[in-house]
Amino acid sequence: MLELFTELTGNALLGMIINSLIPLVFVIPLALFFVWLERKVSAHMQDRLGPMITGSHGWLQTFADVLKLLQKEDIIPADADRKLFTIAPILVFAGSYAAFAAIPFSSAYIGSEIDMGIFYVVAVSGLVVAGILMAGWSSNNKYSLLGAMRSVAQIISYEIPTVLVILSIVVLAGTLNLLKISEMQTAYFWNWFIFGGPEPGLIKFLLIPFMFAGFLILYISSLAEVNRTPFDIPEAESELVAGYHTEYSGMKFAMFFLSEYANMFVVSAIVSAVFFGGYQSPFGYLGNSLGISWLVPIEQFFWFTAKGIFFVFVQMWLRWTLPRLRVDQLMAVCWKYLIPYSFVNLIIIAFLELYR
Amino acid sequence: MLTEFGKILIFLLIAVIFVLIGFLTARIIRPKRPTHEKLLTYECGEEIQGSPWVKFNARFYVVALIFLIFDVEVVLLFPWALVYKEFGIAGFLTGFLFLVILGIGMIYEWRKGDLEWDRPVIQPPLVKKTEN
């Protein structure tokens, strides 16, 4: 894709800029779609209809919301720290957008082929943590501060099981690059890492239960990292109003909202990239069997989006299934269950991989 | 030619510019009619009680410290995970030893009650009294 843009514009830098704009064109409509989907899923699970007025089945509802938020007066409380208050939403959005740079959308498109890949994605999510703490602190509001503290404590705690599970995939794949990790799990679904990876043999079958355990740990901790139910005490409406973005209004609030939904897709994309083959199709490509080579990347893009949306849907589903955890339970789940289990999981996977 | 990290810099810049464009558009469209009440800190519509910088639970610091220890050690495990296969069983045992030491640290923290969210009860030292 990068070569194509460079050729079209005749300039490497300009081509690169257009190349980096692609995720933006993809993420913004997707995030708007997720906001609408969240409402519809919640509504149908509670036997309601959800938004129905704006457009057929309310599909224009989020566009209307964005227009409304654009026109909203931007209130910065007199006591707030104005500079940090403005920087915080920028930082949060930059953190969630930068993560898209290392995620392969299909074999033809990846923003940046850094070899650090998944390590970089985990690291750059740290910007979101800094932004959240900044928002809570600068608002000068009790709810915001408490919400931000809880949110940060939760995100950093659950980062450890996430990284440990990712490590076990790194052990199997021998690379950190997400493009290479996705490439390995090619062709059919039994080559996915959830089914023990692409190499056949006895070890592959021995690995399967540990890969399932790893997937569960990763999915649970990714829920916590994006502050979704059952880990949504940072935004517990009944006690903290709206958590760290209580004081935000207008476009600044919209940015928090946008990056929240973009982040949901990022964690789903990572889960699908490390366990479910990323952009790979579960059963071969139509383009390959028909002999049309340009169809393959498009199919891959479709599978990538479909897997991402599926995992986001499961996140929404869980929201209406599970009650919220208490703060001590939240910490106990992370430190006393997920981290020890993921340690043992990593050791066992590393040991089994040795005898491949 | 741009390096791969240069591309990431472009990604970050695009994100920042996108947000700034959003803010600018909103600034052109939106009204600006601040009043004293609007600019007050939100507290469910009541009068503000005291400073917003309340005392929060000191456990947050403990969690941050434990996280720091674990995160640094996990980062050290990344290079190990990439190359240990080349060293065979010796490579595995190196990482295993590292994880065991980390695990002992974790058991110690658990035993001391630092993983509990409620304030840990200080236990008397586990030394048996010798009978004379």
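When only residues in region B:44-63 that are within 7 Å of chain A (Cβ to nearest Cβ) and assigned to a helix (DSSP H, G or I) count, which is surrounded by the most Cβ atoms within 10 Å (Cβ to Cβ)? If we take residues in region B:44-63 being within 7 Å of chain A (Cβ to nearest Cβ) and assigned to a helix (DSSP H, G or I), then B:Val63 is surrounded by the most Cβ atoms within 10 Å (Cβ to Cβ). The residues of region A:1-38 that are within 14 Å of chain B (Cβ to nearest Cβ) and in a loop (DSSP other than H, G, I, E, B), listed by number, are A:Met1, A:Asn11. Under the condition of being part of a loop (DSSP other than H, G, I, E, B) and hydroxyl-bearing (Ser, Thr, Tyr), which residue from region A:274-298 is farthest from the chain's Cα centre (by Cα)? The selected residue is A:Ser293. Scan region B:8-28 for residues that are farther than 26 Å from A:Asp79 by Cβ and of a type in the set (Phe, Trp, Tyr) and the total you get is 2.
Checking the structure you have, find out if any residue of region B:29-43 is surrounded by fewer than 17 Cβ atoms within 10 Å (Cβ to Cβ), farther than 20 Å from A:Asp74 by Cβ and among the hydroxyl-bearing types (Ser, Thr, Tyr). Within region B:29-43, none of the residues are surrounded by fewer than 17 Cβ atoms within 10 Å (Cβ to Cβ), farther than 20 Å from A:Asp74 by Cβ and among the hydroxyl-bearing types (Ser, Thr, Tyr). A count restricted to region A:213-248 and to residues that are polar (S, T, N, Q), assigned to a helix (DSSP H, G or I) and open to solvent by 10 Å² or more (accessible area, probe 1.4 Å) stands at 1.
The residue that is farthest from the chain's Cα centre (by Cα), counting only those in region B:24-43 that are more than 9 Å from chain A (Cβ to nearest Cβ) and assigned to a loop (DSSP other than H, G, I, E, B), is B:Thr35. Determine whether region A:198-212 contains at least one residue that is crowded, with 24+ Cβ neighbours inside 10 Å, within 14 Å of chain B (Cβ to nearest Cβ) and either of a type outside the set (D, E, K, R) or touching a Gly at 6+ places or on another chain (Cβ under 6 Å) (or both). No: zero hits. For region A:89-96, does any single residue satisfy the condition of being over 19 Å from B:Glu4 (Cα atoms) and more than 19 Å from the chain's Cα centre (by Cα)? No, every residue in region A:89-96 fails to be over 19 Å from B:Glu4 (Cα atoms) and more than 19 Å from the chain's Cα centre (by Cα).
The values are calculated or read from the model by the stated rules, or taken from the named source; none is laboratory data. As the structure is a prediction and not an experimental result, all values here were calculated from the model. Here Cβ is always computed from backbone atoms with ideal geometry, including for glycine, and neighbour counts include all displayed protein chains. What goes into the accessible areas is simple: the full protein's heavy atoms, side chains included, and nothing from ligands, DNA or RNA. Shrake-Rupley method; radii C 1.70, N 1.55, O 1.52, S 1.80 Å.
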